[in-house]
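Asks: I'd like to ask you about the structure that follows.
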Amino acid sequence: MSTQTKTRREAVVARVEALGVVAVIRLKDPAKLRRVVDALAEGGVRALEVTMTVPGAVELIRELAPVLPEGFLLGAGTVTTADTARAVIAAGAMFVVGPVFRPEVIGACHEHDVAVMPGCFSPTEILAAHEAGADIVKVFPATSLGPQFIKDVRAPLPQVKLMPTGGVSLDNAHDWIRAGAVAVGLGSALLDAKAIEDGRFDVITANARRVVANVASAR
C-alpha cells in the first residue's frame, strides 16, 4: 500500500515538473472558475492552485475536482494549517501549497500521500522544508530575489526542487527554469483579472500559450 500511495504523490510531482507552470488563482467570482480552467487547459497550462482566499474555496475544489479536463491537476494554495490541508485533500486537491513552511502541513499532506509545496525564502528554510519532506519548495516571495537566487541555492543544494512564485512573468519564466527551477507559479500575470471580469477567456488562453512556450524554450 505504501508503495502505491508514494507513487501517486510522486506522479503528481513529476506532472508538475513536466508541465512547468502552475496557475495561482484568487478569483473574486468563483462561478467563473470552470471557464478559467478550460481556458488555461486550452492554452496548455494544466495545473491550477485555488487559494484559500477565494470565497468558499474548499467547496469550490469539491465541485471542480470531479469535472476537470483529463490530465488537469487541481491544487489548493495559501494553506497554513494541518486542518485546512486535510479539508482541501478531502475535497479533492491533488497538491497543497503554502505561503510559509509549516511542518504540520507537510505531515497532514503525507498522511494522505498528497504532494506538498511549502513557501520558503531563505536557504536555511528551504533545506529545513526539504528535510521535513517537502515535495517541492515554493520560493516565495520570489519578486525581490530573481532567477540568480535559484541558481545560487541549487549550487550547494542540488537535491531540492524549487518553484518560484512572485516575480514570474509570461516573458521571464524561461529565466527561472534555466536557473534550475522545476516549475514556476504565476498569478495575476497569467490570470488577467480584467479579462476574466469581462468574460475574455481567450486572453487567458493566449497568456497560457505564451508562458508555456516561454518555459519550453528553456528546456
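Asks: Using a 1.4 angstrom probe, figure out how much accessible area the range 103-189 has per residue, in square angstrom, rounded to the nearest whole. Please list the in-between numbers first.
Replies: Numbers: 3320 Å² over 87 residues.
Result: 38 Å² per residue.
Asks: Taking 8 Å as the Cα distance limit and 6 or more residues as the minimum spacing, I'd like the relative contact order of the range 1-130 as a percentage.
Replies: 21 percent
Asks: Hey, another quick one. Inverting the mean 1/r over all pairs of different Cα atoms, compute the Kirkwood radius of the range 1-117 and quote it in Å. Spell out each step's value before the answer.
Replies: Values: mean 1/r = 0.0709 Å⁻¹.
Taking every pair of different Cα atoms in the range 1-117, averaging 1/r and inverting gives 14.1 Å.
Asks: Which residues in the range 56-82 place their backbone N less than 18 Å from a point set 7 Å from the Cα of ALA31 along the Cα-to-Cβ direction?
Replies: 56-57, 59-61, 63-64
Asks: Could you look at the chain and say what percent of its accessible area is carbon and sulfur, using a 1.4 Å probe and all protein chains? Each step should come with its number before you reach the end.
Replies: Working: 5100 of 9450 Å².
Carbon and sulfur together cover 54 percent of it.
Asks: If you don't mind, there's one more thing I want to ask. Choose one answer from VAL96, VAL153, VAL45: the residue with the largest mean-square fluctuation in a GNM of the chain with alpha-carbon springs under 10 Å.
Replies: Comparing VAL96, VAL153, VAL45 in a Gaussian network model of the chain, the most mobile one is VAL153.
Asks: How many angstrom separate the Cα center of the range 7-59 from the Cα center of the range 81-159?
Replies: Each part reduced to its Cα centre gives a spacing of 17 Å.
Asks: Same structure, new question: On full extension of the chain, what length is gained from THR143 through HIS112, given 0.36 nm per residue of separation minus the C-alpha to C-alpha distance? Display every interim value, and only then the final one.
Replies: On the way: separation 31, 0.36 × 31 = 11.16 nm, distance 3.20 nm.
Difference between extended and current length: 8.0 nm.
Asks: Tabulate in residue order the Karplus-calculated ³J(HN,Hα) for the range 155-168, using 6.51 cos²θ - 1.76 cosθ + 1.60 with θ = phi - 60°, rounded to whole Hz; enter x for Gly and Pro.
Replies: Calculated HN-Hα couplings, in order: 4, x, 10, x, 7, 8, 8, 10, 10, x, 9, x, x, 9 Hz.
Asks: List the lysines whose Cα sits under 23 Å from the Cα of LYS138, skipping any in the same chain fewer than 8 residues away.
Replies: Counting by Cα, and skipping residues close in sequence, LYS138 has these lysines nearby: LYS6, LYS151, LYS161.
Asks: What list of ³J(HN,Hα) couplings, whole Hz, do you get for the range 124-140 from phi and the Karplus terms 6.51, -1.76, 1.60, once you set θ to phi - 60° and write x for glycine and proline?
Replies: Values per residue, Gly and Pro as x: 5, 4, 4, 5, 4, 5, 4, 5, 7, x, 4, 6, 9, 9, 7, 7, 8 Hz.
Asks: Which one of PHE140, CYS120, ILE89 is farthest out on the positive end of the charge dipole of the range 1-155, using unit charges on Cβ (Lys, Arg +1; Asp, Glu -1) and the Cα centre as origin?
Replies: Selected residue: PHE140.
Asks: Rounded to the nearest 10 Å², what accessible area does ARG209 show when all protein chains are kept and the probe is 1.4 Å?
Replies: For ARG209, solvent-accessible area is about 130 Å².
Asks: Determine Rg/Rh for the chain; Rg is computed over alpha-carbon atoms and Rh is the Kirkwood hydrodynamic estimate from the same atoms.
Replies: 0.94
Asks: Also: Give the shape of the range 81-159 as rounded, prolate or oblate, defined through the alpha-carbon gyration tensor: a ≥ b ≥ c are the square roots of its eigenvalues, a/c under 1.5 means rounded, and otherwise the shape is prolate if a/b is larger than b/c and oblate if not.
Replies: Values: a/c = 2.50, a/b = 2.00, b/c = 1.25.
Prolate.
Asks: Follow-up question, since we're still on this one. Please check: in the Gaussian network model of the chain (C-alpha springs, under 10 Å), which one of GLY180, GLY119, GLY56 has the largest mean-square fluctuation.
Replies: Comparing GLY180, GLY119, GLY56 in a Gaussian network model of the chain, the most mobile one is GLY56.
Asks: Quick one: dipole size for the range 65-219, taken about the Cα centre, charges +1 on Lys/Arg Cβ and -1 on Asp/Glu Cβ, in debye to the nearest 20.
Replies: On the way: 12 positive and 15 negative charges, 84 e Å.
Charge dipole, the range 65-219, about its Cα centre: 400 debye, nearest 20.
The values are calculated or read from the model by the stated rules, or taken from the named source; none is laboratory data. What you see is a predicted model; the values in this text were computed from it and never measured. No Cβ is skipped: glycine too gets one built from the backbone with ideal geometry, and neighbour counts run over all protein chains shown. These area figures cover heavy atoms from the full protein model, side chains too; ligands, DNA and RNA do not enter into them. Shrake-Rupley method; radii C 1.70, N 1.55, O 1.52, S 1.80 Å.
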